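Participant: Just passing along the structure, written as structure tokens.
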Amino acid sequence: MSRVFLGGSCDPTTWRRDVAMPALDAAGITYYNPQVTDWKPELVEIEARAKEEADTLLFVVDGQTRAIASMLEAAECICDNREVVLVINDIPDGTEIAGQEVTVRELKDLNRARVYLADIAKRHGVLVFATVAEAVEEIVDS
């Protein structure tokens, strides 16, 4: 049975609960959801083990968060030749993250990093999707 690690953007996103988890549950696919309400340092080891044991790593780099750590983590897994499925969304102009409007310069840098990640993915044969639903459908169908 396939095991999926639900990596990528967290707070304030709800893509795991709203899209990924219901579809994976319906398909009988197990997963690890690292997004918790009360994060504790001991979760680092649990999350690392779940990531290592996963057959597929789903990383969502959304347009609601900076997702810098998620992009680095995804790039590491891609370069380690792990089975990665990736969703990348640009941050729209005028977005507010953590109560602060993203500046024009920051927006350009964050979206450029997304382009670089997509390029790394494509060069390593990793599929890049625009939506979580499409990415999860790929996982269910494979």
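The values are calculated or read from the model by the stated rules, or taken from the named source; none is laboratory data. Just so it is clear, the structure is predicted and the values come from calculations on it, not from any experiment. Neighbour counts run over all protein chains shown; Cβ positions are idealised from the backbone, glycine included. Just the protein is used for accessible areas: all its heavy atoms, side chains included, with ligands, DNA and RNA removed. Shrake-Rupley method; radii C 1.70, N 1.55, O 1.52, S 1.80 Å.
Participant: Output the residues belonging to the range 37-54 that are assigned to a loop (DSSP other than H, G, I, E, B) and within 15 Å of the chain's Cα centre (by Cα).
Facilitator: In the first step, residues of the range 37-54 are kept if they are assigned to a loop (DSSP other than H, G, I, E, B); the result is 37-42, 54.
Answer for the range 37-54, where residues must be assigned to a loop (DSSP other than H, G, I, E, B) and within 15 Å of the chain's Cα centre (by Cα): just A54.
Participant: Next question. Counting just the residues of the range 60-93 that are touching a Leu at 6+ places or on another chain (Cβ under 7 Å) and in a helix (DSSP H, G or I), which one comes out farthest from R105 (Cα to Cα)?
Facilitator: If we take residues in the range 60-93 being touching a Leu at 6+ places or on another chain (Cβ under 7 Å) and in a helix (DSSP H, G or I), then C77 is farthest from R105 (Cα to Cα).
Participant: Continuing with this model, one more query. Tell me, please, whether a residue that is at pLDDT 95 or above and open to solvent by 40 Å² or more (accessible area, probe 1.4 Å) can be found in the range 34-48. Give the derivation first.
Facilitator: Narrowing the range 34-48 to residues at pLDDT 95 or above: none.
The answer is no; no qualifying residue exists.
Participant: Is it the case that the range 2-17 has a residue that's in a helix (DSSP H, G or I) and open to solvent by less than 60 Å² (accessible area, probe 1.4 Å)? Please lay out each step first, then the result.
Facilitator: First, pick out the residues of the range 2-17 that are in a helix (DSSP H, G or I): 15-17.
Checking which are open to solvent by less than 60 Å² (accessible area, probe 1.4 Å) leaves us with 15-16.
Yes, the conditions are met somewhere in the range 2-17.
Participant: Before we move on, is I78 closer than 13 Å to A118 by Cα and in contact with a His (Cβ under 8 Å, 6 or more places away or on another chain)?
Facilitator: On the way: closer than 13 Å to A118 by Cα: yes; in contact with a His (Cβ under 8 Å, 6 or more places away or on another chain): yes.
So I78 passes the test.
Participant: I've got another one for you. If you scan the range 64-92, which residues turn out to be within 14 Å of C10 (Cβ to Cβ), open to solvent by 10 Å² or more (accessible area, probe 1.4 Å) and small (G, A, S)?
Facilitator: Within the range 64-92, A67, A69, S70 meet the criteria.
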